[in-house]
1. For the charge dipole of region 282-469, defined by +1 on Lys and Arg C-beta atoms and -1 on Asp and Glu C-beta atoms about the Cα centroid, which residue among G352, M432, A444 has the Cα displaced farthest towards the positive pole?
2. Report, by chain and number, residues whose modeled amide H sits under 5 Å from the one on F567, excluding near sequence neighbours (fewer than 5 apart, same chain).
3. Excluding residues on the same chain fewer than 8 positions from K265, give the lysines whose Cα lies under 16 Å from its Cα.
4. Compute, for region 282-469, the length of the dipole vector about the Cα centre, with Cβ point charges of +1 (Lys, Arg) and -1 (Asp, Glu) only. Units Debye, rounded to 20.
5. For region 20-184, what is the charge dipole size about the Cα centre, in debye to the nearest 20, if Lys and Arg each add +1 at the Cβ and Asp and Glu each add -1 at the Cβ?
6. I want the local charge near L476. Using Cβ-Cβ distances under 11 Å, sum +1 for each Lys or Arg and -1 for each Asp or Glu among the other residues.
7. Please work out whether region 39-134 counts as rounded, prolate or oblate from its C-alpha gyration tensor, where a ≥ b ≥ c are the square roots of the eigenvalues and a/c under 1.5 means rounded, while otherwise a/b larger than b/c means prolate and anything else oblate?
8. Would you kindly calculate the translational diffusion coefficient of the chain, applying Stokes-Einstein with the Kirkwood radius from alpha carbon pairs, for 4 °C and a viscosity of 1.567 mPa s, and quote it in µm² s⁻¹ without decimals?
Amino acid sequence: MPHVAVYPSPDSITTDDVTTLPELFRLRCQRSPEREAYRQCEASVWRSYSWREVEGLVARWQLALAGENLASGDRVAVLLKNSVEWVCFDLAAQSLGLAVVPLYAADHENNTTYILADSGARLLLVGHIDQWFALAGHRARFPQLSHVLCLETACTPVPATGIQVSFIKHWLPSGARPQVNLAKDTHALATIVYTSGTTGRPKGVMLSHFNILSNAQAVITQVQAYPEDLFLSFLPLSHAFERTVGCYLPMMAGSCVAYARAINKLAEDIAMVRPTILVSVPRIYERMYVRLQNQLGKKCAMTRALFHWAQEIGWRHFQATRRHGEAPGRWAALLRPVLQYLVADKFLARFGGRLRLAVSGGAPLSLTLSQCFVGLGVPLVQGYGLTEAAPVVTSNRPEDNLPESVGIPLPGVEVRLGEQNELLVRGPNVMMGYWNRPEDTARAINAEGWLHTGDQARIENGYVFIVGRLKEIVVLSTGEKIVPEAVEMALVLDPLIDQAMVVGEGKPYLAALLVLNAGAWRSMAQRWSLPAEDPAALADVRLQHHIENLCHRRLASVPEYAQVRRFWLTLEPWTLDNDLVTPTLKLKRPAIEQRFAEHILKLYSGHLPPA
């Protein structure tokens, strides 16, 4: 099917209008001063901010930062949950020529300490004083830091930590003259975004104003946004995907952004805010899918049948409208509006009833999940990107969606396949390089400007399909090659499995480490009269047999060599606190393998030669 260009709405701001991110903000304030810009919950009440109000706030932040003895190019870090204050700090700092270093509010302190040291940040904004206390003991590692700003005022006196601490309530001036913009160079450094660091220390990705602006414009050309749209922001703004697509892109379109209170309140916030656009990583959609499957399991057989009919007929209709399959038969066509009323509409109501676009990026999205959501009418499109590309490279379009792919390249972005089918990317969105790592930069970007993504892909009819990672392919001792993510995605779609990691490099077969869902396991243990909290109960023969069947069922479509032969179960989740996942919830494979090396060895007992 030919790809037809979609142009931004007349109210959109483009790179023809502005050259830097602060200019984008100022022009938006001029064009839409009274329109709602942001919405967030303050003291249990949702408060709305107009663009004019935010412009005044940014001016105050700018004036305060201007008195901090910082020079253009200095780095300032922000350790704050998504909020209007995050945006104000970001824009005020950039307008003074400072480079913003976003930090994950939930990250492990070791990673945060490393980033502060590596970036040489001179100023740090935190949400709560406890966040600073968790880092203060390591201050010798980041001697450049001289001032810590805290958003929330402490109830008790703050003990000395050797670094100046100020509270925003006292630090921020009560008023300020209209802001100025010292950031004029479109190719100047705007931010340093550190990668997740799944296999080692995170690297600082240097992105210019032009990198981000060009990427936001390319996305809005491919996946339209309008002034009437309302985004619900819940991915951390320290994530490049959320920052470009969930912050600067709405600013470009003139849309409003509402900041979710917390992930555990996301369902409530969706129902309350009723967004028109959701931007998320697959893990959030996976949790929604698993919760849905859990609820279906408690329903009668007729309800489950109606659900599956609605999904199947809806998916076939979707495929037919995209010319990727045959249209449903006559009876299916007659049933579709009935099933829409009985099943699909109730499911869509969980998204607030106004959702016109749901975007997934940051990691592969299971086709099983896509078939379920799209079949029930959720307008879910998948894209692909990486921090080094500011970050979006490809995306599907709602009117031309091929869910099993990651879509087509954005306008102005080139892709091709290199050695071992590695996806290479070239375009205005490709990073300036890695902070203080010229050798790594030279390895990542070749002399012709092609960025090596490390992802293996295939390209068919203009669509890009991600098939694996160059460094994350498990090669069995038999020579068979397996993409671990594909196996893991299939397993975690079962309500009993919260997390999964497969192993088997150099081994005769594939095995898996599985973290059980606490609620699902408690229900199962109760039926079998087992003590759910006792790790010894995980060895029960009934559970072991159930997991075996689960693996066979979930992996029925994969080759024999990619079947999980043995597994180890645990109730302890892999979290940021135990440093086994990244802030974007990606598995730290080497860390997990090292932590559970003894258990992994037992999975191959009797099947490996003596060491």
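1. G352
2. Counting only residues 5 or more places away or on other chains, the set is A512.
3. Output for K265: K81.
4. 1140
5. For region 20-184, the charge dipole is close to 380 debye.
6. Result for the local shell: +1.
7. oblate
8. 50
Throughout, read-outs are computed from the coordinates displayed, never taken from laboratory work. In this text, all values refer to a predicted model and were calculated from it rather than measured experimentally. Cβ coordinates were reconstructed from backbone atoms using ideal geometry, including for glycine residues, and neighbour counts include every protein chain displayed.
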